[in-house]
Structures are given as C-alpha cells and as structure tokens.
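I have placed the structure first, in the form of structure tokens, so that the comments after it can refer back to it.
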Amino acid sequence: MEQEFWQARWRENRIGFHEAAPNSLLTKHFSQLGLEAGHSVFVPLCGKALDLDWLLSKGLRVTGVEFNQGAVEEVFARLGLAPEVSRQDGLIRYQADGLTLYAGDFFALSPAHLGRVDAVYDRAALVAVKPEDRQAYAAHLNRITGTARQMLIGFDYDQSLMDGPPFSVPGSAVQALYQGSHEITLIEERAADGRVGERCNALEQAWLLEPLS
Ligand SMILES: C[S@@+](CC[C@H](N)C(=O)[O-])C[C@H]1O[C@@H](n2cnc3c(N)ncnc32)[C@H](O)[C@@H]1O
C-alpha cells in the first residue's frame with residue numbers, strides 16, 4: 001500500500017528527498033507567487049522540509065499534510081513550537097502560531113481543513129505520486145485549494161533509466177494535468193543534484209501555475 005511504502009522509507013531513514021536547506025528554486029523565485037505576510041500557503045506532501053520554516057519566516061500562514069507523524073512532530077520541535085493536537089476526520093492536526101500540519105492522507109483533506117489558500121507550494125509532491133494517481137492528485141489539489149496559484153518543483157528525466165519515486169513529470173504531463181485550470185510557465189530548469197541527478201541526468205524544473213480567469 002502507498003502509505004506503508006512511505007512509512008517504511010521514514011522508518012528506515014531512506015529520505016534522500018529531504019534537503020539540508022530550503023530549496024533554492026523556492027527562495028530565488030518566491031516573489032513570483034505574489035504573497036505577502038499574512039497570506040496562506042499550502043504545502044502538500046510536505047515531509048519535514050526546511051521550506052516550511054522558510055515560508056513561515058516570510059510571515060505566511062503555512063499549512064501542510066504528511067503521512068508520517070514523526071516528521072510532523074519534528075518540524076514543530078525544530079521550530080521550538082508546542083502545538084495543539086487534535087483529531088479531525090482521520091487526520092491528526094498539529095497547530096501552533098502560523099503553522100498547521102496534518103498527519104495523515106492528503107486525499108482525506110477537505111477545503112474546510114485548509115480554509116483560504118492563497119498559494120500552493122509543491123516540491124517533490126507531484127513527483128512522489130504514482131503516475132496513475134496523478135490526475136486524482138491534481139484534481140483534489142485544485143478542489144481543496146480553490147485552484148490557487150502554485151509553484152511546482154519537480155523532475156524531468158528518462159523514466160527508463162530509473163524507477164520512481166521521484167517519477168519524471170515532464171512539461172507535457174504538467175500541461176495535461178493543469179492546462180484546464182492554470183496558465184503554466186517554466187520559471188527555471190537546472191541539472192538536478194543529489195541522487196536523482198547522479199543516476200539519470202535529470203532536470204529539476206520550477207513551474208509557475210496561475211489560475212485561468
Ligand atoms: C518525496 S517526499 C517530499 C517531501 C517534501 N515535500 C520535501 O521536499 O522534502 C514525499 C512525501 O510525501 C509523503 N506522502 C506521500 N503520499 C502521501 C499522501 N497521500 N498523503 C500524505 N503524505 C504523503 C511521504 O511520506 C513523503 O514524506
């Protein structure tokens with residue numbers, strides 16, 4: 001099962017996707033999201049990414065969802081925050097200051113769990129989803145965020161050279177998923193570093209998705 005796959009990765013500390021610093025495509029291109037302090041950003045499949053801390057440091061209200069409860073708790077501990085913890089619809093909600101993280105399944109989230117969402121930040125989330133589940137992921141994301149503006153960071157590589165996750169999500173796939181709801185612009189692409197780059201010469205790509213009016 002999908003959840004067990006990811007829980008095993010966390011249990012065995014096979015979390016090569018976790019970056020030691022906020023993603024530099026986020027920090028470089030963040031202004032393109034047009035966010036100001038007090039706005040809210042949703043981070044699907046957030047892991048324990050340092051991107052969460054960075055977004056909070058911009059004065060944003062940050063909401064995320066992650067299967068692994070230990071990862072969620074680690075984020076609050078790292079930030080020195082003591083969250084209120086409650087159970088909601090099969091999810092565990094951790095909340096303190098501007099940060100709300102749900103431990104549980106992304107697909108269990110409803111619009112009411114998120115409230116107003118000004119932007120979505122997807123780093124290594126869509127690429128973590130099995131190709132056959134992508135359509136459902138994108139449709140659910142649009143539904144629970146009111147088709148918010150989005151920064152999407154993923155990989156493009158020859159899928160025959162490596163098994164995912166992370167899966168290759170080339171521009172054609174981004175278009176197929178989001179062209180009905182968003183105008184799509186490639187902000188930057190660069191050679192991927194780390195394990196993915198070493199194994200298959202991947203490109204790391206940052207996309208800006210702006211809702212069609
Ligand atoms: C590739 S990692 C990326 C994590 C994070 N975005 C980062 O940049 O470090 C994907 C994460 O999504 C989580 N995940 C996968 N499917 C999920 C789902 N349906 N609901 C919640 N979390 C999920 C996994 O546990 C894993 O931590």
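The values are calculated or read from the model by the stated rules, or taken from the named source; none is laboratory data. Nothing here was measured: the structure is a model prediction, and the numbers come from that model. As a convention, Cβ positions derive from the backbone with ideal geometry for all residues, glycine included, and neighbour counts pool all protein chains shown. Accessible surface areas use protein heavy atoms only, side chains included; no ligands, DNA or RNA. Shrake-Rupley method; radii C 1.70, N 1.55, O 1.52, S 1.80 Å.
A full extension of the chain between residue 110 and residue 89 corresponds to an added length of 6.6 nm, given 0.36 nm per residue minus the alpha carbon distance.
Extending 7 Å from Cα along the Cβ direction at residue 172 and again at residue 213 yields two label points whose distance is 3.3 nm.
Computed across region 76-193, the Kirkwood radius stands at 16.0 Å (inverse of mean 1/r, all Cα pairs). Per-atom-type breakdown for region 87-155 gives carbon and sulfur 45% of the accessible area (1.4 Å probe, protein chains only). Restriction of the chymotrypsin sites (Phe, Trp or Tyr not before Pro) in region 123-171 to DSSP coil positions whose beta-carbon has at most 10 other beta-carbons within 10 angstrom yields no sites.
Using +1 on the beta carbon of Lys and Arg, -1 on that of Asp and Glu, and nothing else charged, what's the dipole of region 57-103 about the Cα centre, debye to 20? Intermediate results must be reported in sequence, preceding the final value.
On the way: 5 positive and 6 negative charges, 30 e Å.
It works out to roughly 140 debye.
Once the 1.4 Å probe is applied to the protein heavy atoms, region 1-71 comes out at 46 Å² accessible per residue. Considering only 100, 180, 21, and ranking their Cα positions along the charge dipole of the chain that arises from unit charges at the beta-carbon of Lys, Arg, Asp and Glu, the one farthest toward the positive end is 100.
Based on the alpha-carbon gyration tensor of region 148-188 and its eigenvalue square roots a ≥ b ≥ c, which shape applies: rounded if a/c is under 1.5, prolate if not and a/b is larger than b/c, or oblate? Cα axes put region 148-188 in the prolate bin. Would you please classify the overall shape of the chain from the alpha carbon gyration tensor, given that a ≥ b ≥ c denote the square roots of the eigenvalues, rounded means a/c under 1.5, and beyond that prolate means a/b larger than b/c while oblate covers the rest? Rounded is the answer for the chain, as its axis ratio a/c remains below 1.5. Can you list which of the GluC sites (Glu not before Pro) found in region 1-108 are DSSP loop residues with at most 13 other C-beta atoms within 10 Å? Of the GluC sites (Glu not before Pro), the ones in loops of region 1-108 whose Cβ has at most 13 other Cβ atoms within 10 Å are 12, 36. Where in region 121-164 does the amide nitrogen come within less than 13 Å of the point 7 Å from the Cα of residue 201, taken along Cα to Cβ? Inside the label zone: 157-162. Straight-distance candidates among the lysines for linking to residue 48, with alpha-carbon spacing under 19 Å and chain neighbours fewer than 8 residues away dropped: 58.
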